[in-house]
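Worksheet: one structure, shown below.
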Amino acid sequence: MIETTATTRHFLGMSAAAFLRDVWQRKPLLVRNAFANFSSPLRPDDLGGLACEDFALSRLVTHDPASDRWTLRNGPFSESDFAELPESHWTLLVQDVDKWDADVAALLGPFDFLPSWRVDDVMVSYAEDGGSVGAHVDQYDVFLLQGQGRRRWQISTDAKAPKDFRGDVELKLLREFAPTHEWLLEPGDMLYLPPGVAHHGIAEGQCLTFSIGMRAPAVAEMVADFSGFLAERLNEELRYSDAGIKPARAAGEIDDAALESIGRTLQDALKVDAPTLRGWFGAFITRYRAAHEAVPRGKPMRDSEFRRRLEAGAGLQFNPWSRFAWSKALRGASLFVAGDRYDCPRRLAERLCSRRNLDPDELANLDNASHELLLALVNAGHLAVGRNRSRP
Ligand code: SIN
Ligand code: CO
């Protein structure tokens, strides 16, 4: 089964448990009507406006079908860049739109069945007729939600198909692509692709597509970070040792006995207990490839002012760039925010990771520890104190 239709209960056409068991990371799935009666939370003009801002990551991909020439330009763009574009065969892509637009961020709600630290961003593309970024392979799982207009998606599930790139294009385009499946997606339809499935999406008329992309650090990145973390903690006095070795047979030889000892030393050094592993991974994944860092408040807010603002009915808002995760600890939980660890009551940790802004009602009657933690997050720039609730 590679195609299904959403039901009123299940937007993926099956329960989250069934999706994770049978589909996730394993095979593509087309879901018709995943977002019923879908109306795009963003207009193409809004996307164009965002692509003109220097804080947004944007790209323009143009294809000349006659010569099969591709051009890639990076933003920020200006209105005149758009005015000079051809009538067809171009795509504008903007990453991290969920960080700038709360309605786009709300598209992530149904994906709460995945750990939030696995979710990377919502990238939005706008294409004119024939617009495409070419046939390619991504390293990440992606949910391609059709937002406005129609897009023809072709994919190849042939694991043996060659994966080499064209040498003449800045984009990593496949030299060869023979689709095994093809669909025309309408607004609200969604195509899920696990990593490594070749795909090609071509706009049929004006077309807006939302890509909900996942985050998966390379194992090489994990090993590099983890070994750095461990190295900092290893005592200098812990050295390579070889008590009881035999006389060297030939000068310079690294013999089998030495190799065994080297292997054992490294394996022993890498062995850590669960709390250490949790501590490392929580910090690593919440700062992994962060595009923007929170800016600490110039003048830290004092506890008395914080209390006064909360009592006056202020809520707390999240910095969309600050990534939160939590893990159980001996007592309560460890809360990880953008690479830092905080002790935190478990309920509060769960609540903070839900990423729904904190209402004044929830902030009344906080215990001292929670209060202190929230103030620390405010002063670090991860939370902002919102406007006071309007009084009737
Ligand atoms: C697009 O939206 O045009 C491309 C998205 C993708 O292929 O990952
Ligand atoms: Co792709």
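The values are calculated or read from the model by the stated rules, or taken from the named source; none is laboratory data. Quick caveat, the model's predicted, so the values are computed rather than measured. A quick note on method: Cβ atoms are made from the backbone with ideal geometry, for glycine too, and the neighbour counts reach across all protein chains shown.
Taking the criterion of being touching a Ser or Thr at 6+ places or on another chain (Cβ under 8 Å), at negative phi and in contact (Cβ under 8 Å) with a residue 12 or more places away in the chain, the only residue of region 3-19 that qualifies is Leu12. Working only within region 295-329, note down all residues that are closer than 30 Å to Val223 by Cβ and crowded, with 19+ Cβ neighbours inside 10 Å. Scanning region 295-329 gives Asn319, Ser322, Arg323, Phe324, Ala325, Trp326. Within region 1-20, the set of residues being surrounded by 15 or more Cβ atoms within 10 Å (Cβ to Cβ), in a loop (DSSP other than H, G, I, E, B) and small (Gly, Ala, Ser) comprises Ala6, Gly13. Pairing each residue of region 49-64 that is basic (Lys, Arg) with any residue that is in a strand (DSSP E or B), provided the two are 6+ apart or on different chains, yields C-beta distances under 6 Å for Arg59/Asn74; Arg59/Leu93.
Within the bounds of region 206-213, is there any residue that is within 16 Å of ligand 1 (Cβ to nearest atom), more than 25 Å from the chain's Cα centre (by Cα) and either within 30 Å of Ala127 (Cα to Cα) or not assigned by TED's automatic domain parsing to the domain that holds His63 (or both)? Yes, region 206-213 contains at least one residue that is within 16 Å of ligand 1 (Cβ to nearest atom), more than 25 Å from the chain's Cα centre (by Cα) and either within 30 Å of Ala127 (Cα to Cα) or not assigned by TED's automatic domain parsing to the domain that holds His63 (or both).
Scanning region 158-174 for residues that are without any contact (Cβ under 8 Å) to a residue 12 or more places away in the chain and in a strand (DSSP E or B) gives a single hit, Phe165.
Inclusion of Trp24 among residues that are more than 21 Å from Ile155 (Cα to Cα) and away from ligand 1 (no atom under 14 Å from the Cβ) is not warranted. Against the condition assigned to a helix (DSSP H, G or I), away from ligand 2 (no atom under 16 Å from the Cβ), of a type in the set (A, V, I, L, M, F, W, C) and touching a Gly at 6+ places or on another chain (Cβ under 7 Å), how does Phe82 come out, does it pass? Yes, satisfied.
Looking across region 117-131, the residues that are near ligand 1 (Cβ under 10 Å from one of its atoms) and either part of a strand (DSSP E or B) or surrounded by fewer than 22 Cβ atoms within 10 Å (Cβ to Cβ) (or both) come down to Met123, Val124, Ser125, Tyr126, Ala127.
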